[in-house]
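The values are calculated or read from the model by the stated rules, or taken from the named source; none is laboratory data. Here the structure is a predicted model, which means the values were calculated and not measured. A quick note on method: Cβ atoms are made from the backbone with ideal geometry, for glycine too, and the neighbour counts reach across all protein chains shown.
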Amino acid sequence: MERSLGLMCGAGDVPALMARQARRQGWRVVAFAFAPPSAGVAGDAVRVVASDIREMGPVVATLLEEKVSGVLLSGKFWMSDLLRAERVDETHRDMAARAGGLLDGNVKTVLLSTLTAMGIELLDQRAFLGDGLPRDEVLGARMPSEAEWADVRRGLEVGRAVATLSIGQTVVVRRGAVSAVEAMEGTTAAIRRGTALSGPGAVVVKTVGADHDFRFDVPTIGPETIEAAAVGAAAVVALEAGCVFVLDRAATTRRADAAGIALVSTRAIGG
């Protein structure tokens, strides 16, 4: 029997990739467009539903109407959208009241409890990302120097601690000093801020916290990330292996190579 998947689409190109992978796996995809959907989403979904974070009642009603058994979060959602949400519907108001503060853990708990009560499973995003999660490897042409590897290890240590506290997943380091920690502004803005403060030669590290729940988020970089690092004259962009998705790996690697940026995927902290 064909299974129906509710694809919650945020910004970016990842929703289209996930829609394609889901259809290949035999899912009937119903897309909820919280941001303008790419053509790829419409091509692989049987239905695209224009959605608004302020109006969750129609989303819940459509999930039940379409007999959705699994929900997949995809693309970029900003906490600031929740902070700025006004004139919300009753369903949104009820979920917000149950969440209390807008900490990641609170929001996640309410979303999970809402879906569970409807008999819907929230799915791990990694199963719908194809081969985009690199393992331990140097992705680009350049290998980091010993000093740069030291900053990578420092960045992984700080980044994991910060991510565990639900603050952000990206840090910018130069010669051991942390010049930026990602918060609500997102990866690209954090890179711009950090490289402006540190000057040329900074190391950008993106990682996850302890017990990261990949149902809610898979950290992602792409050509835009490398462009921001290049403009800031960063020396290295490092990802935690198996945890950070590389969007359009070929284009991302080409941009890193063109800028002389060492692009690496690693788990190493010691050594």
ILE120 meets each of (1) of a type in the set (A, V, I, L, M); (2) touching a Phe, Trp or Tyr at 6+ places or on another chain (Cβ under 6 Å); (3) at pLDDT 95 or above with one exception, condition (2)
Consider the stretch 155-191. How many of its residues are touching a residue at least 40 places away in the same chain (Cβ under 8 Å) and among the charged types (D, E, K, R)? 2
Selection status of ALA147, within 16 Å of ILE221 (Cα to Cα), of a type in the set (A, V, I, L, M), at pLDDT 95 or above and assigned to a helix (DSSP H, G or I): no
Selected residue (criterion: farthest from PHE214 (Cα to Cα)) from residues of the stretch 56-95 that are modelled with pLDDT under 70 and aliphatic (A, V, I, L, M): ALA85
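Select the strands (runs of 3 or more DSSP E) contained entirely in the stretch 186-271, then report the ones holding at least 2 residues which are among the hydroxyl-bearing types (Ser, Thr, Tyr). Full working, then the answer.
On the way: elements: 203-206, 236-240, 262-266.
In the stretch 186-271, 262-266 are the strands (runs of 3 or more DSSP E) which contain 2 or more residues that are among the hydroxyl-bearing types (Ser, Thr, Tyr).
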Quickly run through the stretch 166-193 and pick out the residues that are farther than 24 Å from SER145 by Cα and touching a Gly at 6+ places or on another chain (Cβ under 7 Å). SER166, GLU182, ALA183
Tell me which residues, restricted to the stretch 123-152, are more than 16 Å from PHE77 (Cβ to Cβ) and touching a Phe, Trp or Tyr at 6+ places or on another chain (Cβ under 8 Å). ASP124, ARG126, LEU129, GLY132, LEU133
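Hey, among the residues in the stretch 153-185 that are small (Gly, Ala, Ser) and assigned to a strand (DSSP E or B), which one's surrounded by the most Cβ atoms within 10 Å (Cβ to Cβ)?
ALA180
If I filter the stretch 207-222 for residues that are more than 25 Å from VAL71 (Cα to Cα) and assigned by TED's automatic domain parsing to the domain that holds ALA141, do I get at least one hit?
The first filter runs over the stretch 207-222 and keeps only residues more than 25 Å from VAL71 (Cα to Cα), leaving none.
Within the stretch 207-222, not a single residue is more than 25 Å from VAL71 (Cα to Cα) and assigned by TED's automatic domain parsing to the domain that holds ALA141.
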Per the list (1) under 24 Å from ARG126 (Cβ atoms); (2) modelled with pLDDT of 75 or more, residue check on SER38 breaks on (2)
